[in-house]
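> Before I ask anything, here is the structure I am working with.
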Amino acid sequence: MAGPLHPTAPGSSVAPALGTAAPVVQAPAGAVRGEAVGDLYVFRGVPYAAPPVGQARWRPPAPAPAWPGVRDATRFGPACFQPLSRPSGSLYADDPPAMSEDCLSLNIWTRADAHQAPVLVWIHGGSLVTGRGSQGIYDGAALANSGLVVVTINYRLGVLGWLAHPGLSAESGAGVSGNYGLLDQIEALRWVRRNIAAFGGDPENLTLAGESAGGISVLYLMASPAARGLFQKAIAQSAPMLTAPELRRERFGHEPGEAAGSRLAARLSVDGVEGLRALDAGAITDAAAQNGYYASGTVDGVILPRQVVETFDLGEQARVPVLAGFNSGEIRSLRFFAAKPPADAAAYEAEIRRRYGDLAEAFLKLYPATDMAESLLAAPRDLMYGWPAERLVVKQSAIGQPAYLYLFDHGYPEADRADLHAFHGGELPYVFGSFARLAPAWPKPPQRESETELSKAMIAYWSAFARTGAPDAPGLPAWRPYRDDRAYMAFAERPNPGVHLLPGMYELDEEVVRRRREAGDIPWNWNAGLLSPQAR
């Protein structure tokens, strides 16, 4: 195991040039030169896999080739291809400065004196279509200063990362296709396990973490046999437990993945896999988005053996401690998931009874007509984010693993004025301490001590979990595991422990999903409340 990373320390594999502060580390993958930032060393744009270009497009990632000499790792690598933001703007809009198919790189933040430190590998969000590990909101400095080695990764996005197609399946020794972005994430984890000791990390104490699409990825990796043993703990923030298309079978309202790929190729007037590979990466990325291509994991029987909910029901997921939760205002920044309000309360109740049948009374108790505006936001929030978070901790507890649930319910003036209290992703600058690195349209938290203290508390909890598998932070309220009276931690103005979050929510949505699974032709993603199919 490598020793401390201070460039003049005996544990350093390669010393910097005399008179410089640039750390140089000799990792098994090769020598890299990073940047000293205060007490931290930062290594950016380190390749973990070979460029997936040309004939390597839509193939599993290959290990990165060795590089000669010392590789400069002071600049972030390009992002994977993705559509640019629409002119109308989004609070999440944060377009990358550069894009390339040669994008499979990672970034590392580590203390200069790190030695066998716990490792946190972060998977970015963005609907599996946008995002990058170098976004400012994911700056790893504060978490690294708390004693972690932090790694953020890129992975293939959109059509380049998730396309299934009969021609691609025919090329595969396993007879499957799709899930290339997921395979990238697995390759990144393998790289980290092989190399992170040189950067002061402990490869046997690795926590996988992500939010939104990154949280979906955490669930995929927990469900995938190919990722087994690559991580010891998992954090899933606002992670939907979505239905996924299956490779060759129409199920749960999704056309088969291969059929969707063939349909896209036909719309692009392309014949076969070679024609697809001949298309410009940016052009096919944009064309796929414009033609409604849906980026998702594919249930292929190999990388994803079955639907995630089925894997967890069978207890076949990774047997690791988990920390999971969601935000009270998830849908406030994702209002396209909310139904339009009906004419009046009577119309609302009548429609809910038509759609929910014998479950209508339970639904109306949770989401009453007397507060219809909030009910229209809360119902899809719970089906998409609340039920999956609680289900994850329920299922991990059932297999004897420590599991911790949270609710982020913090508001601040700029967000609350925009009716964005505790919106989707709103916890991220608190978890990362990255208030100064937010996207241009992101509501800015005020510069006041209470915001800093909440962020310090969340960093302490997340770091403790990464260190030991339990969020035991000295001087802060005790965060008990879920199995203790369905315990959870609420983050509002400060951490506040509670029990039995949103009574009745989990039971209602579990029954709704059970019935949809039994029907076999209904997704359980966002179609809650007035968007639910009619009761059968």
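The values are calculated or read from the model by the stated rules, or taken from the named source; none is laboratory data. Remember, predicted model here, so these are calculated numbers, not experimental data. Don't worry about glycine lacking a Cβ; one is built from the backbone with ideal geometry, like all the others, and counts go over all protein chains shown. Each accessible area value is taken on the protein alone, full model and side chains, heavy atoms only, with ligands, DNA and RNA left out. Shrake-Rupley method; radii C 1.70, N 1.55, O 1.52, S 1.80 Å.
> Evaluate the charge dipole of segment 241-284 about its Cα centre and quote only its size in Debye, nearest 20, assuming +1 on the Cβ of each Lys and Arg and -1 on the Cβ of each Asp and Glu.
Result for segment 241-284 is approximately 120 debye, rounded to the nearest 20.
> Something else about it: Hey, if you put +1 on the Cβ of every Lys and Arg and -1 on every Asp and Glu Cβ in the chain, which of 334, 179, 473 ends up farthest toward the positive end of that dipole?
Comparing the listed Cα positions along the dipole, 179 ranks first.
> Once you sort the root eigenvalues of the Cα gyration tensor of segment 124-279 as a ≥ b ≥ c, which label holds: rounded (a/c under 1.5), prolate (a/b larger than b/c) or oblate (the other case)? Write down the numbers at each step before the final one.
Values: a/c = 2.05, a/b = 2.02, b/c = 1.02.
Prolate, because a/c is 1.5 or more and a/b exceeds b/c.
> Quick one: check the C-alpha center-to-center distance for segment 368-444 versus segment 283-318, whole angstrom.
Comparing the Cα centres of segment 368-444 and segment 283-318, I get a distance of 23 Å.
> Let me ask something else about it. Quick one: give the max-minus-min coordinate of the C-alpha atoms of segment 36-142 along each principal axis, largest first, in Å.
Taking the Cα atoms of segment 36-142, the three principal extents are 44, 37, 22 Å.
> Specify whether the C-alpha gyration tensor of the chain places it in the rounded, prolate or oblate class, a ≥ b ≥ c being the square roots of the eigenvalues: rounded for a/c under 1.5, otherwise prolate if a/b is larger than b/c and oblate if not.
Numbers: a/c = 1.73, a/b = 1.23, b/c = 1.40.
It is oblate, given that a/c is not under 1.5 and a/b is not larger than b/c.
> State the Cα centre-to-centre distance between segment 143-183 and segment 324-345 in whole Å.
A separation of 30 Å, based on Cα centres.
> Treating only the Cβ atoms of Lys and Arg (+1) and Asp and Glu (-1) as charged, compute the dipole magnitude of the chain about its Cα centre; round to the nearest 20 debye.
Here the size comes out at about 740 debye.
> Still on this structure: Placing +1 at every Lys and Arg Cβ and -1 at every Asp and Glu Cβ, with all other atoms neutral, what dipole size does segment 52-99 have around its Cα centre, in debye to the nearest 20?
With only Lys, Arg, Asp and Glu charged at Cβ, the dipole is about 180 debye.
> Considering only DSSP beta bridges with both partners in the chain, what is the antiparallel share in %, to the nearest 5? Provide the component values of the computation, followed by the final result.
Details: 25 of 60 bridges.
For the chain, the DSSP antiparallel bridge percentage is about 40.
> Please work out the average accessible area per residue across the chain, using the 1.4 Å probe convention, and give it in Å². It would help to have the intermediate numbers written out before the result.
Numbers: 20090 Å² over 536 residues.
Heavy-atom SASA per residue in the chain reads 37 Å².
> Just the number, please: carbon plus sulfur as a percent of the accessible area of segment 392-523, 1.4 Å probe, no ligands or DNA/RNA counted.
On the way: 2890 of 5530 Å².
The C+S portion of the solvent-accessible surface of segment 392-523 is 52 percent.
> Taking amide H atoms as placed 1.01 Å from N in the peptide plane, list the residues 5 or more away in sequence, or in a different chain, whose amide H sits under 5 Å from that of residue 244.
none
> Taking all protein chains as present, what is the carbon and sulfur share of the accessible area of segment 165-301, in % to the nearest whole number, probe 1.4 Å?
Carbon-and-sulfur percentage of accessible area, whole number: 49.
> Please name whichever of 420, 442, 398 sits farthest to the positive end of the charge dipole of segment 299-444, dipole taken about the Cα centre and charges placed at Cβ: Lys and Arg +1, Asp and Glu -1.
442
> If you roll a 1.4 angstrom probe over the protein chains with everything in place, what fraction of the accessible area of segment 45-156 belongs to carbon and sulfur, to the nearest %? Let's see the in-between values first.
Working: 2290 of 4170 Å².
The nonpolar share, carbon plus sulfur, comes to 55 percent.
> Could you give me the ³J(HN,Hα) list for segment 309-321, computed from phi with Karplus coefficients 6.51, -1.76, 1.60 and θ = phi - 60°, whole Hz, x at Gly and Pro?
4, 5, 4, 6, 5, 7, x, 9, 6, 4, 8, 9, x
> Rounded to the nearest Å, what's the spacing between the alpha carbon centres of segment 192-243 and segment 70-107? Just the number, please.
Rounded to whole Å, the Cα centres lie 21 Å apart.
> Residue farthest toward the positive end of the dipole of the chain, with Cβ of Lys/Arg at +1 and Asp/Glu at -1: which of 488, 352, 523?
Final value for the positive-end residue is 523.
> I want the local charge near residue 178. Using Cβ-Cβ distances under 9 Å, sum +1 for each Lys or Arg and -1 for each Asp or Glu among the other residues.
Counting the neighbours of residue 178, the net charge comes to -2.
> Using only alpha carbon pairs under 8 Å that are at least six residues apart, calculate the relative contact order of the chain and give it in whole percent.
Contact order relative to length: 14 percent.
> Further question: In what sequence, highest mean first, do 238-246, 272-280 appear when ranked by Cβ atoms within 10 angstrom?
Values: 238-246: 25.2, 272-280: 15.1.
By packing density, highest mean first, the sequence is 238-246, 272-280.
> While we're here: Apply the a/c threshold of 1.5 to the C-alpha gyration tensor of segment 272-355 and tell me whether it is rounded, prolate or oblate.
Note, shape of segment 272-355 comes out oblate.
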